[in-house]
C-alpha cells in the first residue's frame, strides 16, 4: 500500500463509502481520528519503528502488519489503527475506530511505554491550524496541583467553547478579564479547510496532539497534519538546543557550561507550595515525573527527577514565585513541553518559559 492509497481509503471512510470488507471489515466509515505521538525507538529507522510497535502491541490482542513504506497497521479483532512512521521520532496514528477504542489503545498499550508520549502543542501551534476557524475551546482544572486553593481569584475548574465569527478574538477578550485570564488556557480549535477537489474538510485539534477530521478528502487533512508535525518537531528541537545543559573542559577556559536553565516565573503566587510539590512528582499522568523532593530552605524546594518518558533525568528547583528546570544533555525536549502545557492547564494559563539568552 502506498501512502496515497491509505489516504484514498481514509477519504472513502470519511464519505461513508468504504467497502464492507476493507481490511476484513476493520476499516469502518466515519470521522478519522489522528494522534501525533513522540517516539524513541531504539533505532531511528523503519526497523526501529516496527520493533517498538511490536513491543507495545504484545499481549494486547493486536497484530502489527507492515502495509507500505514506513506504514504499519495495528489490527485488532474489529478495528484498524494506521501508524505513519515516515518521521521515526514523530509518528502520526490514524483510525476510524470509536473515540473510546482509541482512548483505550493509547491508555493501555501505547502511552504506558516509556518510549512513547503525546505531543503537547502550544496555544500558538493550535492557532496556526490551517483554514477558517469554526470554534475554540478553553478548559482548566487546578485540582491536580492545588486541590485546596480557593476559587475566589482563579476559577478552579472551567470549560467554555466559543463559536461564531472570529472565535479566537472572543476568547482573547475573555482571557483579558482579570478574573478569568489565569484559567483561559487554549485547549482545542476547529477549522474548515477547502480541498482542491472543491469540497471541504473540518479538522479539530487539541493541545495533547489529538486531531479529528470530517469531510470528503483525507489528502487535505494529511497536509494539515504534516504541517502541525513539522511545527512541533521544530519546537521540541528548539527546547533541546536551548535548554539542555552540557559541560566541556579545556586548558584555557577551564570548565564551560553551555545551554540555558529553563525558567518559569509564575504569573500568580502558588497558594500551597507543599501541595504543588507533592502532586508534581507522583509518577502519574499527566506530568509523569518521579522524585523525592526536599526543602532546601524555607519556601524553596528542589528535586532530582526522572521522567517516566524514556527515563531521562532533569532537575527542578521551585518556590512559590518561580520554577527552574535543568535538562541533562540527553533529556528529551518533550519532557519540558509536557511540563509547560500542563502547568498552563492546571496552574495558570499565562505560564511561559522565559526567553533563552542569545549566545
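The values are calculated or read from the model by the stated rules, or taken from the named source; none is laboratory data. None of these values were measured; they are calculated from a predicted model. Don't worry about glycine lacking a Cβ; one is built from the backbone with ideal geometry, like all the others, and counts go over all protein chains shown.
Would you mind stating whether residue 102 is more than 15 Å from residue 113 (Cα to Cα) and not in a helix (DSSP H, G or I)? No, not satisfied.
Of all residues in the stretch 279-298, those being in a helix (DSSP H, G or I) and within 16 Å of the chain's Cα centre (by Cα) number 0. Of all the numbered requirements in (1) on the phi > 0 side of the Ramachandran plot; (2) at pLDDT 95 or above, residue 283 misses one, and that requirement is (2). Here the stretch 232-252 is the region considered, the condition is being at pLDDT 90 or above and surrounded by fewer than 17 Cβ atoms within 10 Å (Cβ to Cβ), and the residue that is nearest to residue 352 (Cα to Cα) is 238. Elements of the type strands (runs of 3 or more DSSP E) sitting completely within the stretch 299-359 and holding at least 2 residues that are farther than 19 Å from residue 183 by Cβ and without any contact (Cβ under 8 Å) to a residue 24 or more places away in the chain: these cover 300-307, 313-318.
The single condition among (1) at pLDDT 95 or above; (2) farther than 29 Å from residue 74 by Cβ; (3) part of a loop (DSSP other than H, G, I, E, B) that residue 144 does not satisfy is (1).
Flag set for residue 66, criterion: in a strand (DSSP E or B), over 19 Å from the mean Cα position of the chain (by Cα), surrounded by fewer than 17 Cβ atoms within 10 Å (Cβ to Cβ) and assigned by TED's automatic domain parsing to the domain that holds residue 18.
Does residue 222 satisfy the criteria of being touching a residue at least 24 places away in the same chain (Cβ under 8 Å), crowded, with 19+ Cβ neighbours inside 10 Å and in contact with a helix residue (DSSP H, G or I) (Cβ under 9 Å, 6 or more places away or on another chain)? Spelling it out, residue 222 is indeed touching a residue at least 24 places away in the same chain (Cβ under 8 Å), crowded, with 19+ Cβ neighbours inside 10 Å and in contact with a helix residue (DSSP H, G or I) (Cβ under 9 Å, 6 or more places away or on another chain).
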